[in-house]
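Structure first, commentary second.
Just so it is clear, none of the values below were taken in a lab; they were calculated from the coordinates. In this text, all values refer to a predicted model and were calculated from it rather than measured experimentally.
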Amino acid sequence: MLFRSQPHTDTMAPKKDGEKKKLSGYMLFAQQRRPTLKEEKPDLTFGETGKALGAEWRAMSEAQKGKYKA
């Protein structure tokens, strides 16, 4: 089996300068919610904060998530 140090450039789409991918609904939610969660629970580690945000996102209804989805 051969291992490559570089990805296949012929199968990757070229990246355009200055073009960024839109943030997902979850990422928009996390950006907004993270500061308040850290104020409410300052003892949470980085990983625990991520887990808590994920749990909150999964518990939300589709109607609540719609606020963050474009």
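Estimated at 0.36 nm per residue, the fully extended path between LEU37 and ASP17 surpasses their Cα-Cα distance by 3.7 nm. Applying a threshold of 22 Å to the alpha-carbon distances of LYS20/LYS69; LYS22/LYS67; LYS21/LYS67; LYS21/LYS65; LYS21/LYS41 flags LYS21/LYS41 as lying beyond it.
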